[in-house]
Amino acid sequence: MDQSKAPVLDALAAYHESGQTPFTPPGHKQGRGADPRVRAVLGDAVFRSDVLATSGLDDRTSSQGVLEEAQALMADAVGAEHAFFSTCGSSLSVKSAMLSVAGPHEKLLVGRDAHKSVVSGLILSGIQPVWVEPQWDAERHLAHPPSAEAFEAVFAEHPDARGALVTTPTPYGTCSDLAAIAEVCHRRGKPLIVDEAWGAHLPFHPDLPTWAMDAGADVCVTSVHKMGSGLEQSSVFHLQGDLVKPEVLKGREDLLGTTSPSVLIYAALDGWRRQMVEHGEALYDQALALAQKTRDRIGRIDGMHVHGRDDFCGPGRAADMDPLQIIIDISAWEVTGYRAADWPRDKHRINLHVADHRRISAQLTHADDGDTTEVLLRALTDLAEHVPELRTGQPVEVPPPSRLRLEQTTLPRDAFFGRTEQVSWQRASGRIAAEMLTPYPPGIPAVLPGERLTEDVLRYLRTGVDAGMIVPDAVDTDVMSVRVLREE
């Protein structure tokens with residue numbers, strides 16, 4: 001296919017050139033009705049390009065096939081058989097993928113380090129999760145994706161499972177051996193879904209980890225806004241093989257998705273695909289070299305240890321890692337990552353990415369350059385010089401991995417929609433959770449609906465919040481109380 005084309009962008013330009021007058025939504029009518037104070041912040045171009053997908057970008061019957069051509073170009077660019085655009089983020093895309101593989105009360109193997117959007121999909125669908133344990137690094141209190149051997153063992157116990165879902169790369173940049181997991185699934189005729197939200201860039205450079213379609217996955221979900229040039233909420237899910245039918249996957253997306261998709265998001269997706277095909281390898285040559293240089297320089301800052309392959313990859317750990325995710329262990333400082341992440345924002349207007357009880361992280365992309373990394377390095381150097389001011393004497397009580405895992409006693413859906421009550425956290429041990437409790441970012445739930453709460457996990461969350469952890473999905477975000485199933 002002609003990868004120099006950008007059908008959505010071309011159609012949008014044609015819309016502007018034709019001077020059409022809309023008597024349809026959006027109600028701002030090309031920005032004419034928008035408050036000038038809003039336009040002063042957002043710019044006129046945002047409103048001018050915010051048009052309907054049909055009876056706007058395309059005609060009433062979509063006869064020009066603008067979106068269909070753009071999606072076909074995306075699939076061709078990355079070697080998939082089908083690609084579907086989503087303007088509701090990968091949170092919707094992964095739910096669509098799950099519902100295309102399993103239905104209510106059917107089993108799906110899921111890595112327990114899944115994002116909260118996967119758990120939301122379980123709640124909405126009534127799918128029965130069969131959890132596959134991640135590979136826990138007990139020394140660093142960090143989870144890497146589950147191994148192929150773990151999926152093999154769980155499939156042996158649950159041969160009736162409809163398929164499997166694995167998250168890779170993780171928000172920490174670590175990757176599973178997808179080819180081996182796909183082989184485990186396909187030997188049984190079962191599809192593999194990959195939540196590759198952090199891997200939209202992987203198809204475009206040979207030195208990045210293998211991307212899911214090349215590894216044999218059936219459905220792969222990517223968040224182009226995370227590591228690509230898409231606008232927030234832009235996602236693409238890809239399909240290959242015959243284990244999941246394209247019409248089924250599209251139908252599930254139609255069930256969950258908006259009937260008013262954003263042409264702005266479509267246009268950015270279309271342009272990003274063209275940019276990556278034409279310039280991606282050169283851009284990531286530069287990004288990877290910059291990442292290595294930045295890693296080396298951060299590693300020379302007193303008290304900062306930059307995790308690399310020696311820490312993250314090998315037997316019992318990850319199979320690969322994305323070097324653009326710069327994960328920095330600051331445990332030598334006796335300062336939490338929560339407090340450390342706040343300092344650069346307050347003092348240097350630098351926003352870091354993942355922060356946990358002992359780490360901070362900086363995400364690099366093809367958009368970074370020597371100027372942005374110099375700003376980062378100055379902020380981190382200043383942070384190291386103010387460590388004593390950040391010590392609070394409030395340690396986060398992180399239990400060993402074996403005591404972080406909770407027993408799933410009830411389907412997530414049944415617990416979430418069951419009869420509930422709010423109890424103090426001191427009285428919640430032994431009760432069945434009816435909500436998600438998710439330190440964010442990275443957004444991996446510590447507690448799921450239907451899991452039996454323990455003193456260890458409750459104390460971890462409570463001490464974490466006192467130390468700066470954010471648990472935004474809890475009914476009580478301070479975790480002074482927890483929503484649980486009512487005992488009859």
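Quick look at the values:
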quantity: Debye, to nearest 20: dipole size of the chain, +1 on Lys, Arg Cβ, -1 on Asp, Glu Cβ; calculated: 1080
quantity: Stretch gain in nm, segment THR54-HIS105, where the contour uses 0.36 nm per residue and the Cα spacing is subtracted; calculated: 14.6 nm
quantity: Helical segments meeting 15 Å axial Cα length and Kyte-Doolittle 0.0 threshold in the chain (DSSP H); calculated: 7-18, 66-78, 89-101, 370-385
quantity: Cα gyration tensor of the range 105-153 - equivalent ellipsoid semi-axes, whole Å, descending; calculated: 22, 14, 6
quantity: Largest-first ordering by accessible area, 1.4 Å probe, given options PHE237, PHE416; calculated: PHE416, PHE237
quantity: Solvent-accessible area per residue, Å², over the chain with all protein chains present [probe radius 1.4 Å]; calculated: 42
quantity: Fraction of accessible area attributable to carbon and sulfur, the chain (%, probe 1.4 Å); calculated: 49
quantity: Modelled FRET efficiency - R0 22 Å, ASP2 with ALA289, Cβ distances, 0.05 increments; calculated: 0.10
quantity: Modelled label reach - HIS348, point 7 Å along Cα→Cβ, the range 359-383 residues with backbone N closer than 17 Å; calculated: 359-365, 368-383
quantity: Size of electric dipole in the range 130-183: Cβ of Lys, Arg +1 and of Asp, Glu -1, about Cα centre, debye, nearest 20; calculated: 220
quantity: Counted charge near ASP356, where neighbours are those whose Cβ lies closer than 11 Å (Asp, Glu -1; Lys, Arg +1); calculated: +2
quantity: By accessible area with a 1.4 Å probe, ligands and nucleic acids excluded, highest first: order of SER117, SER18, SER62; calculated: SER18, SER62, SER117
quantity: DSSP bridge orientation in the chain - percent antiparallel, rounded to nearest 5; calculated: 65
quantity: Exposure of LYS5 as accessible area (Å², to 10), given a probe of 1.4 Å and all protein chains; calculated: 80
quantity: Ranking by accessible area, most exposed first, for LYS347, LYS95 with a 1.4 Å probe; calculated: LYS347, LYS95
quantity: Extension gain, MET480 back to ARG188 (0.36 nm per residue minus Cα-Cα distance, nm); calculated: 100.5 nm
quantity: Inter-probe distance in nm under a simple model that places probes 7 Å from Cα toward Cβ, at LEU231 and GLU455; calculated: 5.2
quantity: Exposure of ARG309 as accessible area (Å², to 10), given a probe of 1.4 Å and all protein chains; calculated: 120
quantity: In nm, spacing of pseudo-spin labels at LEU256 and ILE470 (7 Å Cα→C-beta vector); calculated: 2.3
quantity: Contour minus Cα-Cα distance for GLU488 and THR61 (0.36 nm per residue); calculated: 148.2 nm
quantity: Surrounding net charge for ARG405, when Lys and Arg each add one and Asp and Glu each subtract one, Cβ distance under 12 Å; calculated: -2
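The values are calculated or read from the model by the stated rules, or taken from the named source; none is laboratory data. Everything numeric here is computed off the predicted structure, so don't read it as measured data. Virtual Cβ from ideal backbone geometry, glycine too; neighbours counted across all protein chains shown. Accessible surface areas use protein heavy atoms only, side chains included; no ligands, DNA or RNA. Shrake-Rupley method; radii C 1.70, N 1.55, O 1.52, S 1.80 Å.
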